Amino acid sequence: DMNAKYRTGILVGEVDTPALLVDLDALERNIRRMAELAKDAGIAYRPHAKSHKSPVIAEMQLAAGAAGVCCAKLGEAEVMAAAGIADILITSPVIGTAKIERLIRAARRATIAVVAETLKFAAEAGVDAARLPDCLAGGFADSTILQVHARRMIEADLAPRGGVRLML
């Protein structure tokens, strides 16, 4: 029972702020409902952690069937990875050498996917983007999509393939 795991018994006046206070029954009900909706629709869902920024809530979503979590920024993904969240999608570009280095460190702890523009921005920041897929190969941040399409992304080859059309 999640109630037993997450209730602390602390009185509201004793809570050190800032703190996230939730109606646990409502939270659990909403997480279950979202999982049911996704299952009934036959889709995997990946909730966005920016709505709560809490690894504990992310764990609850994953336990209910979420495929992973989305994070708006690298810093959010680092927090989630450090807390043991294993599958993360960063939804905004990771730009600059320092952030690419942080991404690589975080990817040692979790499977982290990034938006495709990251390779382009890595190149613009002076990082050898052509080497990035090889650096990530075999690690948590590796993916078939990255290995198959990275060269095209680096070369900005946007020609449509198969039934997929890129929206520009």
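Things to note:
- The stretch 110-142, subset part of a loop (DSSP other than H, G, I, E, B) and within 20 Å of residue 48 (Cβ to Cβ), residue modelled with the lowest pLDDT: 141
- All positions within the stretch 7-32 that are among the aliphatic types (A, V, I, L, M), surrounded by 10 or more Cβ atoms within 10 Å (Cβ to Cβ) and within 13 Å of residue 60 (Cβ to Cβ): 20, 22, 24, 27, 31
- Residue match in the stretch 56-65 (condition: modelled with pLDDT of 90 or more and not in a helix (DSSP H, G or I)): yes
- Of all the residues in the stretch 33-55, those that are in a helix (DSSP H, G or I) and open to solvent by 40 Å² or more (accessible area, probe 1.4 Å) number 9.
- Scanning the stretch 80-103 for residues that are assigned to a helix (DSSP H, G or I) and crowded, with 18+ Cβ neighbours inside 10 Å yields 80, 81, 99, 100, 103.
- Qualifying residue in the stretch 65-77 (condition: farther than 20 Å from residue 133 by Cβ, open to solvent by 50 Å² or more (accessible area, probe 1.4 Å) and aliphatic (A, V, I, L, M)): no
The values are calculated or read from the model by the stated rules, or taken from the named source; none is laboratory data. All values derive from a computational prediction rather than experimental measurement. Note: ideal-geometry Cβ built from the backbone for every residue, glycine included; neighbour counts use all protein chains shown. When the accessible area is computed, the model is the full protein with side chains, heavy atoms only, and any ligands, DNA or RNA have been set aside. Shrake-Rupley method; radii C 1.70, N 1.55, O 1.52, S 1.80 Å.
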